[in-house]
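The values are calculated or read from the model by the stated rules, or taken from the named source; none is laboratory data. All values derive from a computational prediction rather than experimental measurement. Virtual Cβ from ideal backbone geometry, glycine too; neighbours counted across all protein chains shown.
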Amino acid sequence: MEPAEIIQHSGGAIGAAWLMIALPLVGAAVLLLGGRRTDKFGHLLGVLMAVASFVVAALSFAQLLGFAPGERRRGIELYEFIPGLAKVGLLVDPLSISFCLLITFVGSLIHIYSIGYMAHDPNRRRFFAYLNLFVAAMLLLVLADNYVALFVGWEGVGLASYLLIGFWQHKPSAATAAKKAFIVNRVGDFGLLLGIFTIFATFHTLAFSDVLGNASKASSGTLTAIGLLLLVGACGKSAQLPLQSWLLDAMEGPTPVSALIHAATMVTAGVYLIVRSGPIFQGAETAQLVVTIVGVATLLAGAIIGTAKDDIKKALAGSTMSQIGYMVLAAGVGPVGYAFAIAHLITHGFFKADMFLGAGSVMHAMNDEVDMRKYGALRKVMPLTFWTFLIGYLAIIGFPLLSGYFTKDGIIEVAMEHNAILGWLAVIGAGITGFYMSRLVFMTFFGAKRWEPTAHPHESPAVMTVPLIVLSIGAIVLGWFLIMGNRFMTFLAPAVGAPEEMPAFHPFSVPGLATLALVAIGAAYAWMKYGRAEVPAVAPRGSFLTTFARRDLYGDALNEALFMRPGQWLTRLAVFFDNRGVDGLVNGLAAGIGGTSGRLRRVQTGFVRSYALSIFLGAAVLAGAWLVVGNL
Amino acid sequence: MTTHYLVLSALLFAIGGVGVLVRRNAIVVFMCVELMLNACNLAFVTFARQNGNLDGQLIAFFVMIVAAAEVVIGLAIIVTIFRTRRSASVDDASLLKY
Amino acid sequence: MPWLSTLMGVSVLGALGVTLVRNDKLAKQFTLVVSLIVLALTVAMAVQFSPNGDKFQFAETYDWIPAFGVHYGVAVDGIALVLILLSAILVPIVVLASWHDAEAGKRSVRTYFSLLLVLEAMMIGVFAATDVFLFYVFFEAMLIPMYFMIGSYGGAQRSYAAVKFLLYSLFGGLLMLVAVIALYSIAGKGTFMFPDLVGTIQDVTTQKWLFLGFFIAFAIKAPLWPFHTWLPDAAAQAPAGAAVLLVGVLDKVGTYGMLRFCLELFPDAAKFFTPLVITLSVIGIVYGAIVAIGQTDMKRLIAYTSVSHFGFIAMGVFAMTTSAGAGATLYMVNHGFSTGALFLIAGFLIYRRGSQFIADYGGVQKVAPVLAGTFLVAGLSSLSLPGLSTFVSEFMVLTGTYQRYVVPAVIATVGVILAAIYILWMYQRMMNGPTAESVKSLPDLNAREKWVVAPLVALLLVFGFYPKPLLDVINPAVKDTLSSVSVTDPQPAVPVAQEGQ
């Protein structure tokens, strides 16, 4: 089934969809420009704007459901952005509205949670300003109806991410992590920009409707180039190999940021880009293949990194990488995978945000300690946090009937049909997921207390636990709700297309059973190592593989050896060349002229008679020359 | 027939030139310059005669006027230098150099 | 109404007036008022400009030296208009920013502000001149006030920097003078008026020589690699306000000249030299950025970022597509705001701490959040973050260049990554981390300084989201220029029927 035509729309909640972006943007502007005057109510305004944005999204969704499926792609014209290049409009369709609901709903919950989490931070107002800025940019990214506006949102979320990772600017590690995230993302943007240039050079337009509707007319070479360039952009934003290194460092930011930006929403933008540009990838098999390979490689790499981290947030970050790897894998498969990719994206948004916020709640209780070796036995003192975290955990490992069971297994099935090797690698990834997530839960909530003497853990206030409860409810029901009866695939079909034949859900297929078995083995092994046995307070040296995983698969070492060191060397060389070479040439020329005239001026002896002599000689030379020339 | 005049003019000019180059006394140098100017005047008048028009004679008058003006300024400068430096030697007035 | 002459006249009269005021404070206020009047008049003029009307508007032509066909001829098209607007906006901001900058100078405070207004008149004149000879006169005369501003009010090495700046520019200017005279005599039209000279030189070899005469002058002015080394010295030694006008406006005369004179007067030569110019530009983009990363002095760093940005502008001019040309013109304007903001805020920092070296700062964000915040915004505009106006122009230049020259555009896009490195690394070293002892007592921006920064940030944001008012003026002028060079935009591989086209 092909995507439906875009219908120009005005009126109703959809006509006012720009409010979704404008409201949080106004919030951010008021809080940033208002300065300390807004300290008192800053957090409330921030929450209000996020919730208001959610209300608009929900109303738009309701209105969209009122249309027949084939008429659910509504375009709204806003204004001419760059004359001759791009108009700015919004595209409200099943795909973008799904994102809007996820962003505004989870975003609102995280805003509320942050009231409690950031209660003692003197710059809480600024934090909410940045969060609002992020929500606005992210909504622009998904609502844009052309590649330029998408890029504006794309960089906007990058900026918000930069500001929020480095929120505690006085910490050099946070500032460095923020800068690293921005620069690595810029490498991705380099690819995305070139992709956009190629699109413009090919189609002379950047509007989704024109480009994607005519993609099949372009040569497959062009489409492959565009696809691969867009993939580079997606890799940067979604922390896929080989641009993954920033995500683990990004955990320097406050935990709500990690939950919202670096788990639930921003890092999934790459998946959105690939799914949105579906017609381009469908015309380029090579690009699709590369997408699936990147997805599988990342899902394994992320999972391996997750197994060795003692920092609870970094373990979760590895897991995020891995889960996004699944989504990218599904997105690379084509229309049959899109619905699963987005469904997993949504359920992941819920259960991962749930777990990140749970981890935040734990850190809040443990004086901001992140080392899981200093946790243990927390389930009794923090029951609410424990139970909600447990639900998130069961959802991610694919415990039957919870969210992950439906969406992740759906991806594995789709991948298996597409390419058996990729499918089985995804199954292995699921097994590792079972191990590292169980390890995390056992080290944190079970076993013996290994707390620092100063720690006095306590349950977090209601403003933090209520979002946890809401998110965990989502983690329980969403997978079932979206996948059963292909509900979500049918809903998305007008936007991204769908296979002729809807896939049926097999609860007891071979890959499904294999996945369950591997996950069970992984969990059991984790229980033996970290649940039943003592967890040493200092990490043992471990095997080569453990070190490999702990050092993030040597990604940073590789970047340093390949780019940073030669870069520094090149910089020094260029500065030297500029001062001594280019400028040296100029100054040398000047010095040469100066030196020559310094010598020449000695001719000016001050003796009138020597001047007279030179005049006579000059006259004689001239006269002689005249005679010679005249006689030629 | 005018050759003799021209040879005389050239001789006078050469004498004046050598004088300017070798003498140190400013007054003498100055007189040598005058000699060169008059050598030129002689040449001008000669050519005027030879060509049968008045252009050369006209120029000679100009030169005389310029020479007169030059004498006024030149002597004034020489006298001033003599007053401050107690010397009329051109080599002593070599401060304006390099 | 003779708008352009009025603008220049008001500035010159203002400059004379300032010298008559005996009180320094009054002189500053007077300068501010005069520059605001000029701004108001410029805006009033810009409003009356009709983008789709005649190419040159508000034209005034009087004989100046009739024997040689030299005229006092001024008029503006869309390109010149936005640049005049840029100058008129920047001058009051610079006046307000340099309130205390001239007090330590060798000459009086009044002289400094008087020079500023003289410079403003010349900046307007150079963009408005339609007589090539008049353009040359302004081109050279502009150097004089700037020479004194650097040489008398600058940093420790001001004489070196001022002389280097003057000699470099004069050298280029003289080459241009030769070309101007040759153009006059070869064209044989007996006039220096630009519109009459367009299309008169048909011989390609002649075009090439004359092109080089003009181009080298403009390449030094802009500056293009490898003629750039005067800029870091001049910008680092000049007082912050003068640096803004130097990099923000004076250097634009170079790129403006390329677009106006090199392209229209010598179309065939321009096409012949395009590969060379694009190569130099791309080298400049990457090289300027890499050298900027390695700088330890923030003003030099900003100057090198400008070398990189001028590479983008020159590349856009010579890519000869509508979008690249319009983008390059817009870039000239946006770069003025962006670099202006960077230089001015850096100037505020230097005024407080007394050092240009990045290493002398650290953790400023904690003690002066507004200063750090605006510095970040200015920095982000320098790395062309979407939402700020510089993005629009850089995007247009790259999109337009990519249509015709894929490889240079790809290499130039690397500049996007390098820009992030030089700006964010500088920001991190100066503003983040633990607060250095020496900056612990730095005050945040005061009201005057906020008034300096606010309009620049506002302009960057407004034109970042809504560049249409500027582009509506620029686009027809660029299209006109390109049609007189007789090039057309490349056609798409897959034509898409669009409504309205």
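Can you confirm whether segment C:203-210 contains a residue that is assigned to a helix (DSSP H, G or I) and under 23 Å from the mean Cα position of the chain (by Cα)?
No, segment C:203-210 contains no residue that is assigned to a helix (DSSP H, G or I) and under 23 Å from the mean Cα position of the chain (by Cα).
Run down A:537, A:612, A:625, A:620 and say which single residue is away from chain B (no Cβ under 14 Å) and either basic (Lys, Arg) or assigned to a helix (DSSP H, G or I) (or both).
Going through A:537, A:612, A:625, A:620 in turn, the sole match is A:625.
Within segment A:587-608, is even one residue more than 29 Å from residue C:227 (Cα to Cα), of a type outside the set (A, V, I, L, M) and either part of a helix (DSSP H, G or I) or in contact with a strand residue (DSSP E or B) (Cβ under 8 Å, 6 or more places away or on another chain) (or both)?
There is at least one residue in segment A:587-608 that is more than 29 Å from residue C:227 (Cα to Cα), of a type outside the set (A, V, I, L, M) and either part of a helix (DSSP H, G or I) or in contact with a strand residue (DSSP E or B) (Cβ under 8 Å, 6 or more places away or on another chain) (or both).
Out of everything in segment C:419-434 that is more than 9 Å from chain A (Cβ to nearest Cβ) and under 24 Å from the mean Cα position of the chain (by Cα), what residue ends up being surrounded by the fewest Cβ atoms within 10 Å (Cβ to Cβ)?
C:426
So in segment B:54-96, with the set limited to residues that are among the basic types (Lys, Arg) and either in a helix (DSSP H, G or I) or surrounded by 12 or more Cβ atoms within 10 Å (Cβ to Cβ) (or both), which one is nearest to the other protein chains (Cβ to nearest Cβ)?
Among those residues, the one meeting the criterion is B:85.
Restricting attention to segment A:194-217, and to residues there that are over 25 Å from residue A:93 (Cβ atoms) and touching a Leu at 6+ places or on another chain (Cβ under 8 Å), which single residue is nearest to the other protein chains (Cβ to nearest Cβ)?
A:197
Yes/no per residue for (1) in contact (Cβ under 8 Å) with a residue 60 or more places away in the chain; (2) within 14 Å of another protein chain (Cβ to nearest Cβ):
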| position | (1), (2) |
| --- | --- |
| C:308 | yes, yes |
| C:339 | yes, no |
| C:352 | yes, no |
| C:371 | yes, yes |
| C:380 | no, yes |
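Return the pairs, sorted by first residue and then second, in which the second residue is assigned to a loop (DSSP other than H, G, I, E, B), the first residue lies in segment A:116-138 and is in contact (Cβ under 8 Å) with a residue 60 or more places away in the chain, the beta carbons are less than 6 Å apart, and the residues are 6+ apart or on different chains.
Sorted first by the residue in segment A:116-138, then by its partner, the pairs are A:116/A:461; A:124/A:118; A:125/A:39; A:127/A:118; A:138/A:265.
I'd like to check something: does segment A:62-78 contain any residue that is within 14 Å of chain C (Cβ to nearest Cβ), out of contact with any Asp or Glu (no Cβ under 8 Å at 6 or more places or on another chain) and not basic (Lys, Arg)?
Yes; the residues of segment A:62-78 include at least one that is within 14 Å of chain C (Cβ to nearest Cβ), out of contact with any Asp or Glu (no Cβ under 8 Å at 6 or more places or on another chain) and not basic (Lys, Arg).
Yes/no matrix, rows are residues, columns are (1) surrounded by 20 or more Cβ atoms within 10 Å (Cβ to Cβ); (2) closer than 28 Å to residue A:275 by Cβ; (3) among the small types (Gly, Ala, Ser):
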residue: A:50; (1), (2), (3): yes, yes, yes
residue: A:54; (1), (2), (3): yes, yes, no
residue: A:68; (1), (2), (3): no, yes, yes
residue: A:80; (1), (2), (3): no, yes, no
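Anything in segment B:17-29 that is assigned to a helix (DSSP H, G or I) and away from chain A (no Cβ under 11 Å)? List them, or say none.
B:27, B:28
What tally of residues in segment C:73-128 results from selecting those that are more than 20 Å from residue C:335 (Cβ to Cβ), of a type in the set (Gly, Ala, Ser) and assigned to a helix (DSSP H, G or I)?
6
Among the residues of segment A:24-42, what is the count of those that are at pLDDT 90 or above and more than 22 Å from residue C:457 (Cβ to Cβ)?
0
Give the residue, chosen from A:168, A:246, that is more than 7 Å from every other protein chain (Cβ to nearest Cβ), within 29 Å of residue A:123 (Cβ to Cβ) and not in a loop (DSSP other than H, G, I, E, B).
A:246
As an exercise: evaluate residue C:471 against (1) more than 10 Å from every other protein chain (Cβ to nearest Cβ); (2) assigned to a helix (DSSP H, G or I) and give the number of the one condition it does not meet.
Residue C:471 satisfies every listed condition except (1).
I'd like to check which helices (runs of 4 or more DSSP H) are fully inside segment C:355-422 and have at least 2 residues that are farther than 21 Å from residue C:443 by Cβ and touching a Ser or Thr at 6+ places or on another chain (Cβ under 9 Å).
In segment C:355-422, C:369-382, C:389-404 are the helices (runs of 4 or more DSSP H) which contain 2 or more residues that are farther than 21 Å from residue C:443 by Cβ and touching a Ser or Thr at 6+ places or on another chain (Cβ under 9 Å).
Consider residue C:441 against the criteria (1) closer than 30 Å to residue A:194 by Cβ; (2) away from chain A (no Cβ under 13 Å); (3) in contact (Cβ under 8 Å) with a residue 12 or more places away in the chain; (4) surrounded by fewer than 18 Cβ atoms within 10 Å (Cβ to Cβ): it satisfies all of them except one. Which criterion is unmet?
Result: residue C:441 fails condition (1) only.
List the number of the failed condition for residue C:433; all other conditions in (1) assigned to a loop (DSSP other than H, G, I, E, B); (2) touching a Phe, Trp or Tyr at 6+ places or on another chain (Cβ under 8 Å) hold.
The failed condition is (2).
For segment C:474-493, give me each residue that is more than 13 Å from chain A (Cβ to nearest Cβ), farther than 15 Å from residue C:258 by Cβ and assigned to a helix (DSSP H, G or I).
C:480, C:483 - these are the residues of segment C:474-493 that are more than 13 Å from chain A (Cβ to nearest Cβ), farther than 15 Å from residue C:258 by Cβ and assigned to a helix (DSSP H, G or I).
Does at least one position in segment C:391-408 carry a residue that is without any contact (Cβ under 8 Å) to a residue 60 or more places away in the chain, crowded, with 20+ Cβ neighbours inside 10 Å and more than 20 Å from the chain's Cα centre (by Cα)?
yes
Right, residue C:330: within 22 Å of residue C:270 (Cβ to Cβ) and surrounded by 24 or more Cβ atoms within 10 Å (Cβ to Cβ) or not?
It is true that residue C:330 is within 22 Å of residue C:270 (Cβ to Cβ) and surrounded by 24 or more Cβ atoms within 10 Å (Cβ to Cβ).
Kindly provide the set of residues from segment A:445-485 that are assigned to a helix (DSSP H, G or I), small (Gly, Ala, Ser) and surrounded by fewer than 18 Cβ atoms within 10 Å (Cβ to Cβ), ordered by number.
A:462, A:485
Per-residue answers, yes or no, for (1) free of Cβ contacts under 8 Å to residues at least 40 places away in the same chain; (2) under 24 Å from residue A:615 (Cα atoms); (3) aromatic (Phe, Trp, Tyr):
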site: B:14; (1), (2), (3): yes, yes, no
site: B:18; (1), (2), (3): yes, yes, no
site: B:27; (1), (2), (3): no, yes, no
site: B:35; (1), (2), (3): yes, yes, no
site: B:41; (1), (2), (3): yes, yes, no
site: B:49; (1), (2), (3): no, no, no
site: B:56; (1), (2), (3): yes, no, no
site: B:66; (1), (2), (3): yes, yes, no
site: B:69; (1), (2), (3): yes, yes, no
